[in-house]
Amino acid sequence: MKKKFYHYVIAAVLSAGMVVSMTACGGQKSPVELNTGGLQEVNLEELQFPLAEKATLTGMTSFPANTESNPNNRTIFKRLQEKTNVEIQWTAIQSDQWGDKITLSMANLNTLTDFIFSAGFGDNDLLRYAEQGVIIPLEEYIEAYMPNLNAVFEKYPEYKKMCTDTNGHIWALPWIEQLGSEKTAIQTIGDMSFINKKWLDFLGLDVPETVEEFEQVLIAFRDHASELQAEFQIDGSIIPMSFIINDGDQDPAILINGFGEGYGDADRGRHIAVTDDKKVICSATQQGFKDGIAWLHSLYEQNLIDLEAFTQEWSTYVAKGKSGRYGVCFSWDVANIDNLTDWVPLPALTADVRNITPQNGSFTSGFDRGRCVVTAVAKNPALVCAWLDQMYDPFQSPQNNWGTYGEDDEFDIFELGTNANGEEMLKHAPLGDASPVEVREAESVGGPLAILDEYYGVYVTCPDDAQYRLDWIKEYYTPDMNTKYVFPNVFMSQEDTEELSNLQADITKTINAKKADWIMNGFTDADWDEYIKSLDAYGLQDMLAIFQKYLDAYYQ
């Protein structure tokens, strides 16, 4: 089966090669030479770094806006070139343009690079590009030329399983970040809610624990706006609560977890949850979701919600937060929005029940299956894989993920120190008032990597902001995580992946649109009934059946 499938891919690659041998600028262009064979066998001595002779590879990556656009100007890549004697000729795309441009790049083999460093491909992308022959399978290359990644797979075989498709192929190199595990993992909660403790103390209020108490706190923020402005010298209007609707960690969905049976809507991409009897349900069709959205609408009607919460972008959201205007906000880390001193996490709010639903896939920590791919245009895939394996070195991965040391600017993520054994260790430098996100974006390079829990204290210290977030989760949220299961990270077949993609296009769009509309404008029982009918018409039950099939297989 494996050989048959691989020959099919080869045929697709050859067809693609014929298609792209087109004219450019009026001249005839030769066909792109593609990697259409099996494992490229190379003497391991030829892959010992630094190479005896300089080699050049091509790669494609993204970079955040307002940061260094040339990857080779980043300290991390400068050091890697010196360490390996491999120069990478990069094609760099700004992150906010990545989605559209990478799709075009993958369709043009004449400009495609040897590897895509920060691909971020979903399962459907990986399987589609595999079928088209644009990317190559990596399982044999990993075994032969990637000892660092192999070591991770041997220690944690679940990650290898999560990378492998139903035909036994690994099409991409993963990003793995362990910070805690199971219900204490840092990924269990994304859209953490925070409340302004400085304002609470000034007004003589306690941190609320029920939805009724929470509403009264927001009302107090609204009604005492002028006093808050005067006391804390706030320039601009007081905003009791702000968020960015349907925007990952900035969404307020965590507030509605206590309504109904307490499922909330933790998976804002797929809107699914798993019951304690291992049944996959749509969280956005439950009674708790309906009641929670109706309650949020009541807050909106009372002028307790930022009017821009449904349209604002990240920069606007942060700017208002840094001006000290929020009473409640949502993010991965409140330091990205305001500061740590004046804020505390808002615990689970009791409505009908008290519960926090962990995010799906979070029990195996941070994982991105499609982080990096090797393309069929790579003339030396063995060297490409050997170079990419350097990213999985335990000393290298933390730098790629967070930043480095010895920069020429004002700030370093790390200081170079030693561990208890006197060996080199990366020690996190104090963040001060700097935004963790902005500092890391300026230094880190992302891409494929693995940071394991056992690395902390040996190769790297745990980041301060990760540690206090782990402490928050353990103190404020883990005790209320009554849900037994989350939907695991599974690699579905191409057929199921494509069907899900088609089904979710309309289902997710409908859920997100109604959620925003109903919080602002309210809704009736008739509106709700019509909403349920439309989701069923879009194939909601078919979508749930696919998820259920893989959940059942996972637990067999």
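The values are calculated or read from the model by the stated rules, or taken from the named source; none is laboratory data. Keep in mind the model is a prediction, meaning the values are calculated, not measured. All Cβ positions, even for glycine, are placed from backbone atoms using ideal geometry, and neighbour counts span all protein chains on display. Note: areas computed on protein heavy atoms with side chains; ligands, DNA, RNA excluded. Shrake-Rupley method; radii C 1.70, N 1.55, O 1.52, S 1.80 Å.
Each residue in region 93-106 was checked for being open to solvent by 40 Å² or more (accessible area, probe 1.4 Å) and in contact (Cβ under 8 Å) with a residue 12 or more places away in the chain, and 3 of them qualify.
Scanning region 475-507 for residues being exposed (fewer than 15 other Cβ atoms within 10 Å of the Cβ) and closer than 30 Å to Trp295 by Cα gives a total of 5. Looking at Lys379, Lys427, just one residue is in contact with a Ser or Thr (Cβ under 6 Å, 6 or more places away or on another chain), surrounded by fewer than 23 Cβ atoms within 10 Å (Cβ to Cβ) and either part of a strand (DSSP E or B) or in contact (Cβ under 8 Å) with a residue 40 or more places away in the chain (or both), and that residue is Lys427. Screening region 351-376 for residues that are over 19 Å from Asp276 (Cβ atoms) and among the polar types (S, T, N, Q) and picking the one that is surrounded by the most Cβ atoms within 10 Å (Cβ to Cβ) gives Thr375. If you go through region 68-78 and pick out every residue that is in contact (Cβ under 8 Å) with a residue 60 or more places away in the chain and under 15 Å from Asp408 (Cβ atoms), you end up with 5. Within region 173-224, being in a strand (DSSP E or B) and either of a type in the set (D, E, K, R) or surrounded by fewer than 21 Cβ atoms within 10 Å (Cβ to Cβ) (or both) holds for Glu177, Met192, Thr210. Cβ-Cβ distances below 8 Å connect the following pairs, each with a first residue in region 144-155 that is within 19 Å of Gly38 (Cα to Cα), a second residue that is buried (at least 18 other Cβ atoms within 10 Å of the Cβ) and of a type in the set (D, E, K, R), and a separation of six or more residues or different chains: Tyr145/Asp389; Met146/Asp389.
Only one entry in Thr510, Thr461 is under 26 Å from Tyr156 (Cα atoms), open to solvent by less than 50 Å² (accessible area, probe 1.4 Å), without any contact (Cβ under 8 Å) to a residue 60 or more places away in the chain and touching a Leu at 6+ places or on another chain (Cβ under 9 Å), namely Thr461. Might you let me know whether region 441-457 holds any residue that is among the hydroxyl-bearing types (Ser, Thr, Tyr) and farther than 23 Å from Asp191 by Cβ? Within region 441-457, one or more residues are among the hydroxyl-bearing types (Ser, Thr, Tyr) and farther than 23 Å from Asp191 by Cβ. Among the residues of region 125-139, the ones that are touching a Phe, Trp or Tyr at 6+ places or on another chain (Cβ under 7 Å) and open to solvent by 10 Å² or more (accessible area, probe 1.4 Å) come to 1 in all. Against the conditions (1) closer than 30 Å to Leu544 by Cβ; (2) small (Gly, Ala, Ser); (3) at pLDDT below 90, Ser435 satisfies every one except (1).
Please tell me if Thr164 is polar (S, T, N, Q) and out of contact with any strand residue (DSSP E or B) (no Cβ under 6 Å at 6 or more places or on another chain). So Thr164 does not fit the description; no. Per this entry, Arg74 is not counted among residues that are under 24 Å from Ser493 (Cβ atoms) and surrounded by 15 or more Cβ atoms within 10 Å (Cβ to Cβ).
Residues in region 239-258 include none that are under 29 Å from Ala220 (Cα atoms), open to solvent by 20 Å² or more (accessible area, probe 1.4 Å), among the small types (Gly, Ala, Ser) and assigned to a loop (DSSP other than H, G, I, E, B).
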